[in-house]
Amino acid sequence: LEDKAHTLSVHTRNATDHGAVRDSIRDALAAFGGRFRWADGKCVVNVVPEGADDKGRAVEKLRKRAGATRTLYVGDDVTDEDVFRTAADGALVGVRVGLSRMSAAAYGVRSQKDVDRLLTMLCERRAGSVHG
């Protein structure tokens, strides 16, 4: 269990029966009368208050608060798809880690090493444009 102050994450990586874990969480949440919802992730079940923003809405709010005109978002989880779907206006560039034809991300890389390479390349180009 991971207490995230406003949410709870139940990590299931070592569970022998992921379905049983999800069923147990669903049953436990039913006792709270709809005050919570859960979202399946990659080897994790996230429990959040009903009405709380998903990642897509949260990122949009952060972008607006920061005044960001362009945003790079990199993610590898099922819950990151909420963010990738918000990228339609072109102000957000979504990159999926772990290639998936089902992803809404415009771009994809195979591994974390590829993310490191991408960020290094972007930093180098940015530094070059500032100095050159």
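The values are calculated or read from the model by the stated rules, or taken from the named source; none is laboratory data. Quick caveat, the model's predicted, so the values are computed rather than measured. Glycine also receives a Cβ, built like all others from the backbone with ideal geometry; neighbour counts cover every protein chain displayed. With ligands, DNA and RNA removed, areas are computed over all heavy atoms of the protein, side chains included. Shrake-Rupley method; radii C 1.70, N 1.55, O 1.52, S 1.80 Å.
Scanning region 77-132 for residues that are basic (Lys, Arg) and over 18 Å from the mean Cα position of the chain (by Cα), we see that the one that is modelled with the lowest pLDDT is ARG126. Residues of region 12-63 that are in contact with a strand residue (DSSP E or B) (Cβ under 6 Å, 6 or more places away or on another chain) and acidic (Asp, Glu): GLU50 alone.
Residue count for region 13-29 under the criterion of being modelled with pLDDT of 90 or more, loosely packed, with under 11 Cβ neighbours inside 10 Å and not charged (D, E, K, R): the result is 2.
Only one entry in VAL74, VAL10, VAL59, VAL44 is modelled with pLDDT of 90 or more, farther than 30 Å from LEU122 by Cα and either open to solvent by less than 40 Å² (accessible area, probe 1.4 Å) or aliphatic (A, V, I, L, M) (or both), namely VAL10.
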